[in-house]
Amino acid sequence: MSRDIFRNLVIDSLKITGNVFAAPMAGYTDRVTRALALKAGACLAYTEMISSEGLARRDSRTLSMMRRAEGELILAVQLFGSSAETLGRAAAIAAESGADLLDLNAGCPVRKVTRTGAGATLLEDPDLAPRLVGAVAAAVDLPVSVKLR
């Protein structure tokens, strides 16, 4: 029996035509890579992991990571951080920069990320991750998801 595994998705108010996503990969999913993934059949391609600290400071290099790729109908931005206030500010900046979907990274095991209390470290405190997701969701009127491993 053959089953059609490809179907449209709805995340909150966002309608996504298809269910093949290109995952966020730090240092890799820049605009060009996202454009290639979309051209190859992905319906959504996440930005690489973006620091909420850099975004809240409006660092030009960090802001440039959110530039929409050619053919990118949905701009899905993945943020990482450990401060509810900073993540809220970063989420608002991402939204005003054109993001359509925000994702909080709660899975990255890389020391550079975990030593700041972000990424996989969020799962060590059962109260922190929900607080951070709440801060992001309260700051924007966009769908918010969480990456776990």
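The values are calculated or read from the model by the stated rules, or taken from the named source; none is laboratory data. Every value quoted in this text rests on a predicted model; they were computed, and no experiment measured them. Note: ideal-geometry Cβ built from the backbone for every residue, glycine included; neighbour counts use all protein chains shown. Please note that ligands, DNA and RNA were not included when accessible areas were found on the heavy atoms of the full protein model with its side chains. Shrake-Rupley method; radii C 1.70, N 1.55, O 1.52, S 1.80 Å.
Could you tell me whether any residue of segment 80-88 is more than 18 Å from G134 (Cβ to Cβ), open to solvent by 10 Å² or more (accessible area, probe 1.4 Å) and either in contact with a Phe, Trp or Tyr (Cβ under 8 Å, 6 or more places away or on another chain) or not acidic (D, E) (or both)? The answer is no; no qualifying residue exists. For segment 16-64, taking the residues that are β-branched (V, I, T) and closer than 20 Å to V110 by Cβ, the one that is modelled with the lowest pLDDT is identified as T29. Residue-level analysis places I5 outside the set of residues that are farther than 23 Å from R149 by Cα and in a loop (DSSP other than H, G, I, E, B). Among the residues of segment 27-43, is there at least one that is among the basic types (K, R) and either surrounded by 13 or more Cβ atoms within 10 Å (Cβ to Cβ) or in a loop (DSSP other than H, G, I, E, B) (or both)? Checked segment 27-43: at least one residue is among the basic types (K, R) and either surrounded by 13 or more Cβ atoms within 10 Å (Cβ to Cβ) or in a loop (DSSP other than H, G, I, E, B) (or both). Being in a loop (DSSP other than H, G, I, E, B) and more than 12 Å from the chain's Cα centre (by Cα): is that true of T116 here? It is true that T116 is in a loop (DSSP other than H, G, I, E, B) and more than 12 Å from the chain's Cα centre (by Cα).
Exactly one of these conditions fails for S97: (1) polar (S, T, N, Q); (2) surrounded by 15 or more Cβ atoms within 10 Å (Cβ to Cβ); (3) under 25 Å from R149 (Cα atoms). Give me its number. Exception for S97: condition (3).
For segment 53-63, the criterion of a residue being open to solvent by 20 Å² or more (accessible area, probe 1.4 Å), in a loop (DSSP other than H, G, I, E, B) and in contact (Cβ under 8 Å) with a residue 40 or more places away in the chain is satisfied by no position.
Against the test of being open to solvent by 10 Å² or more (accessible area, probe 1.4 Å), among the β-branched types (V, I, T) and in contact with a strand residue (DSSP E or B) (Cβ under 9 Å, 6 or more places away or on another chain), the options T47, T116 yield a single qualifying residue, T116.
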